[in-house]
Every structure is written in C-alpha cells, then in structure tokens.
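*Asks:* Got a structure for you, questions after.
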Amino acid sequence: MELRKWIHVMSFIAFDIETGPLPLTRLKEIHPGFDRSSIQHPGEFDPSSVKCGNIGGPTSEKGLAKIAEARAAHEKEVANFQSSVKQAEATYWLGIESKAALSAASGVVLAIGYKSESANVIEHFDETGEHAMLSRFWTKFEQLRKQDRQLVGFNSREFDVPFLAQRSIVNGIRPPRTLLQNDRYLDKTFVDLRDKWSFGSKPANSLDLICKACGLPGKPDGVSGAHFSELYRNPETRQEALDYLANDLEITFQLAEMLIG
C-alpha cells in the first residue's frame with residue numbers, strides 16, 4: 001500500500017486493532033500445564049465416616065442402608081473421577097483461551113484498520129499475515145511522525161500500541177527507536193482519545209458510552225471486540241467482523257474530530 005495515499009489535509013489518522021488467541025496447541029506450549037493434583041481423588045471408602053448415631057448406629061437396619069447408599073455414591077464418584085479431571089482440565093484451558101487475546105504473549109493481531117478523511121483501509125491476518133501488518137504499521141508511524149501528523153486510537157496507549165510493539169518483537173521486528181521517549185513515554189505521534197476524554201482524571205468510560213454521550217453512533221448491538229476472533233475465523237461471518245472494525249474506525253474518527261480536530 002502506497003503511503004502517499006494517507007497524505008490528507010486532516011492532521012490525524014484514526015487506527016484500531018483487533019486481536020485473537022493463539023492456537024490452543026501454542027497456548028499449551030506457553031502456559032503451565034493443568035495441575036491434575038488440584039482435583040482430589042475420593043480415596044478409599046471409609047464406612048466410619050458415615051454418621052449413623054441418630055438412626056440406631058452403623059449396625060442397625062437404617063444404619064446399614066445409609067452406609068450402603070454412601071458406598072454407592074462413593075463408587076460413582078470414583079468411577080467419574082477421570083472424567084471430572086478431564087472436565088476440569090478443559091475448563092482450565094478454556095479460561096486461558098478466553099483471555100489470551102488480551103496479551104501479546106498469548107494473542108495475535110488479526111486486523112489493523114486505518115481511517116483518514118477520504119480512505120478507510122483494513123488489513124487482516126488471512127490476507128497479509130501478522131508480520132506484514134506489523135511492518136507496515138511501523139512504516140506508517142515513521143512517515144506520519146516525519147509529517148508531524150498523528151495516529152489516533154482509543155485506549156491505544158495501554159493496549160493497542162504495546163500489543164503491536166510486543167507482537168513485533170515476537171515476529172522478529174524491532175519497533176522504531178522513536179516509539180518511546182526516554183524509554184517511557186509514547187511518541188507524540190500517538191494520541192489516545194481515552195486520555196483526552198479524561199482531562200487528567202482516571203480514564204473509565206468505554207468508546208461506546210462516550211460516543212453515544214456525544215451524540216455519535218456507538219458500537220453495533222450484540223457485538224463486541226470479544227466476538228471478533230470467533231466471527232473473523234468463521235468464513236461465513238468474517239465480513240461481519242470486518243464491518244465491526246470499520247464501525248470502530250468510523251466512531252473513533254468522529255470522536256477525534258470533536259476532541260482534537
């Protein structure tokens with residue numbers, strides 16, 4: 001993509017990224033395995049553990065029946081132990097997978113979108129691959145920096161930019177040395193609308209809420225960033241995922257016009 005396409009009158013370009021979890025096989029290589037000892041085996045049945053004092057003792061008819069019932073329940077628990085362990089292990093990995101997209105160590109960049117006054121461009125994983133997306137992002141950053149223009153996102157200081165930089169390291173790409181000032185602060189090319197909206201307070205509101213409060217369209221009902229990976233990786237719903245990102249770009253751009261335009 002030719003970068004001169006992005007040279008417009010407006011001094012900023014809105015950007016947004018969408019992420020997803022790495023394949024489960026890779027997550028299992030990165031994360032500690034499931035601790036099977038965390039699920040306690042029922043052990044041997046102990047008849048003395050069955051309380052029968054109020055029904056005539058363990059040798060009474062009712063006591064013997066209660067012990068037999070407890071023994072049967074214990075045998076069932078023993079028989080189901082392995083399936084319980086498997087279920088617990090599956091739940092363990094499902095929990096890791098559900099949060100994996102939030103970390104660059106366990107997630108992958110699925111799409112990066114850009115919006116200017118006259119162009120709306122979305123690059124995505126299956127079209128270009130993560131390495132190419134990341135390389136082009138830093139090329140755009142460097143050119144816009146030289147033009148004294150800005151890359152504007154929402155929650156980009158805490159999530160988008162660090163995620164992109166960390167995934168770049170994983171992909172063997174060195175982020176530009178100009179990215180950080182004094183090894184701490186993001187270059188002024190990056191503007192986070194969440195910070196702009198907070199006016200020095202602790203950022204708290206979502207993009208959807210802020211846009212709606214300002215009379216702008218919000219996010220589509222029933223869809224959030226948490227759904228992106230599932231929608232994107234299904235060929236039948238991929239366009240829905242890309243449309244979701246396009247909408248995020250549009251409302252981010254409109255909010256930027258209000259806050260910094």
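*Asks:* Can you work out the Karplus-derived ³J(HN,Hα) for every residue in segment 213-227? Use 6.51 cos²θ - 1.76 cosθ + 1.60 with θ = phi - 60°, whole Hz, and x for glycine or proline.
*Replies:* Those phi angles translate into 5, 8, x, 9, x, x, 7, x, 5, x, 10, 9, x, 5, 8 Hz.
*Asks:* Which whole-Hz ³J(HN,Hα) couplings does segment 48-59 yield from phi under the Karplus relation 6.51 cos²θ - 1.76 cosθ + 1.60, θ = phi - 60°, glycine and proline marked x?
*Replies:* 5, 7, 8, 7, 10, x, 8, 10, x, x, x, 9
*Asks:* What is the angle, in °, between the Cα long axis of helix 238-259 and the longest principal axis of the Cα atoms in the chain? Nearest 10 is fine, range 0 to 90.
*Replies:* The answer is roughly 60 degrees.
*Asks:* Continuing with this model, one more query. Taking Cα atoms, how many degrees apart are the long axis of helix 81-99 and the longest axis of the chain, rounded to 10 and kept between 0 and 90?
*Replies:* Roughly 10 degrees, rounded to the nearest 10.
*Asks:* Can you tell me the Rg and Dmax of segment 21-113, counting just the alpha carbons, in angstroms?
*Replies:* 22.4, 76
*Asks:* Between 0 and 90 degrees, rounded to the nearest ten: what's the tilt of helix 61-79 against the longest Cα principal axis of the chain?
*Replies:* 40 degrees
*Asks:* Further, regarding this structure: What's the ranking of 11-20, 109-118, 225-234, 77-86 by average number of surrounding C-beta atoms within 10 Å, highest first? Write down the numbers at each step before the final one.
*Replies:* Values: 11-20: 22.9, 109-118: 20.6, 225-234: 16.5, 77-86: 12.6.
In decreasing order of mean packing, 11-20, 109-118, 225-234, 77-86 become 11-20, 109-118, 225-234, 77-86.
*Asks:* Counting other Cβ atoms within 10 Å of each Cβ, which chymotrypsin sites (Phe, Trp or Tyr not before Pro) in segment 169-206 have at most 16 and sit in a DSSP loop?
*Replies:* Values: sites: TYR185, PHE190, TRP197, PHE199; in loops: PHE199.
Qualifying residues, ordered by number: PHE199.
*Asks:* What value, in deg cm²/dmol to 500, does the helix sum -39500 (n - 2.57) over DSSP H runs of n ≥ 4 give at 222 nm once divided by the residues of the chain? Kindly include the intermediate steps, with their values, before the conclusion.
*Replies:* Working: 10 runs with 116 residues, N = 261.
Result for the chain, helices only: -13500 deg cm²/dmol.
*Asks:* What is the distance in Å between the Cα centroid of segment 136-170 and that of segment 43-114?
*Replies:* If we compute the Cα centre of each part, the gap is 47 Å.
*Asks:* Another question about this same structure. Lysine pairs in segment 30-99 with alpha-carbon atoms under 29 Å apart, 8 or more places apart or on different chains: how many are there?
*Replies:* Working: LYS51/LYS62; LYS51/LYS66; LYS51/LYS76; LYS62/LYS76; LYS66/LYS76; LYS76/LYS86; LYS86/LYS99.
Pairs that pass both the separation and distance tests number 7.
*Asks:* How long is the gain from SER98 to VAL85 if the chain were fully straight, where each residue apart is worth 0.36 nm and the alpha carbon distance is subtracted?
*Replies:* Values: separation 13, 0.36 × 13 = 4.68 nm, distance 1.99 nm.
Result for the pair: 2.7 nm of gain on full extension.
*Asks:* Compute and list, largest first, the equivalent-ellipsoid semi-axes of the chain from the alpha carbon gyration tensor, each √(5λ) rounded to a whole angstrom.
*Replies:* Working: eigenvalues 591, 83, 59 Å².
So the equivalent ellipsoid measures 54, 20, 17 Å along its semi-axes.
*Asks:* Suppose the chain between ARG174 and GLN143 were pulled fully straight at 0.36 nm per residue; how much longer would it get relative to their current alpha carbon spacing? Don't skip to the answer; put the middle values down first.
*Replies:* Details: separation 31, 0.36 × 31 = 11.16 nm, distance 1.64 nm.
In short, 9.5 nm is gained.
*Asks:* Along Cα→Cβ, 7 Å out, is where each label goes; now give me the distance between the ones at THR25 and LYS76 in nm to one decimal.
*Replies:* It is 4.0 nm.
*Asks:* Compute the length gained on full extension between SER224 and GLU158: take 0.36 nm times their separation in residues and subtract their Cα-Cα distance, giving the result in nm to one decimal.
*Replies:* Gain on stretching SER224 to GLU158: 21.9 nm.
Computed from the coordinates by the stated procedures, all read-outs in this text should not be read as laboratory data. Quick caveat: nothing in here was measured; it's all calculated off a predicted structure. Neighbour counts are summed over all protein chains in view; Cβ atoms, including those assigned to glycine, are modelled from backbone coordinates with ideal geometry.
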